[in-house]
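S.K.: Input: one structure, supplied below.
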């Protein structure tokens, strides 16, 4: 594995690679995103390593190189493929359109070649570091940044370069990780990836606020979509946030229904305790809880002050002018969050 950038320890870099694999997917064969995800042919291997697919000849020249062939074996023989075998598979994949179901059946199942996982991770780490060197932002005290924020920054940069996120980077340099989380969303990105970056940055905010070890990382084996919340052992402002988990009865004006929360930052609303839940995400922001739902057109943010009370808690709906709500936990049987 490549050496981590200065200021990041090996354990954090290993978590970053596992986080990236979980979100990007690891495919040990050549595949195409054309045309279900990309209008142009884009033969790819491993964890998002794109081969030049501007023409068949360009791609063949790349896959025939020794460094590319060394990452593959022929499944029947276990030997390194010849340049012609690599070119043949590239041509097959180049002309094979991707559907919603054929990644593993037609691309993987019919491939005579297999990519070595160790080579896949080495390739990912080298690409990650190469992108980091062209991030377009500087962090003079990178080594002092909480490990989870380091992961969020490098992961974000892997997908888009930090040069497009000056507000997020300014917040990080100021030590305002909650502010960085608010600036971390990239329109058009996978929702789970955006939420994972936000969770890592909010965890960094909790770590700094509560004086925890800045090297604290989420579990190495996941979950990654998003990582779990940091538990400080002392709830924010003396509140026991664990009381949040479960179902609550809610009143908003003339509407009555239910909110349901879990420990992984998920929230849903429902008309009753047996109907389909409408999903959202909650987090701690300073001295209050905040959550939003993902229903189309719903721009509201629900806020509830800490410390948390479980009977007739009164919250505010933002932006200003959206009103307020009350919620109580007692007597509610947990259900939705589907």
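S.K.: Confirm whether residue 110 is without any contact (Cβ under 8 Å) to a residue 60 or more places away in the chain, surrounded by 13 or more Cβ atoms within 10 Å (Cβ to Cβ) and either within 31 Å of the chain's Cα centre (by Cα) or in a strand (DSSP E or B) (or both).
M.R.: Details: without any contact (Cβ under 8 Å) to a residue 60 or more places away in the chain: yes; surrounded by 13 or more Cβ atoms within 10 Å (Cβ to Cβ): yes; either within 31 Å of the chain's Cα centre (by Cα) or in a strand (DSSP E or B) (or both): yes.
The answer is yes for residue 110.
S.K.: Quick check on my filter: what residues within segment 120-137 are over 22 Å from residue 165 (Cβ atoms) and in contact with a strand residue (DSSP E or B) (Cβ under 8 Å, 6 or more places away or on another chain)?
M.R.: 120, 123
S.K.: Condition test on residue 128, is it within 30 Å of residue 73 (Cα to Cα), within 18 Å of the chain's Cα centre (by Cα) and not assigned by TED's automatic domain parsing to the domain that holds residue 186?
M.R.: So residue 128 fits the description; yes.
S.K.: Of the conditions (1) at pLDDT 95 or above; (2) in contact with a strand residue (DSSP E or B) (Cβ under 7 Å, 6 or more places away or on another chain); (3) under 24 Å from residue 189 (Cβ atoms), residue 30 clears all except one; give me its number.
M.R.: Of (1) at pLDDT 95 or above; (2) in contact with a strand residue (DSSP E or B) (Cβ under 7 Å, 6 or more places away or on another chain); (3) under 24 Å from residue 189 (Cβ atoms), only one is false for residue 30: (3).
S.K.: What residue, of 46, 78, is surrounded by 16 or more Cβ atoms within 10 Å (Cβ to Cβ) and at positive phi?
M.R.: 46
S.K.: Let me ask something else. Output the number of the condition that residue 195 fails; it satisfies all remaining conditions of (1) in contact with a helix residue (DSSP H, G or I) (Cβ under 8 Å, 6 or more places away or on another chain); (2) buried (at least 16 other Cβ atoms within 10 Å of the Cβ).
M.R.: Failed condition: (1).
S.K.: When you scan segment 145-201 for helices (runs of 4 or more DSSP H) that lie fully inside it, which ones turn up with 1 or more residues that are over 17 Å from residue 15 (Cα atoms) and touching a strand residue (DSSP E or B) at 6+ places or on another chain (Cβ under 6 Å)?
M.R.: 177-182
The values are calculated or read from the model by the stated rules, or taken from the named source; none is laboratory data. Model, not experiment: these values are computed from the prediction. All Cβ positions, even for glycine, are placed from backbone atoms using ideal geometry, and neighbour counts span all protein chains on display.
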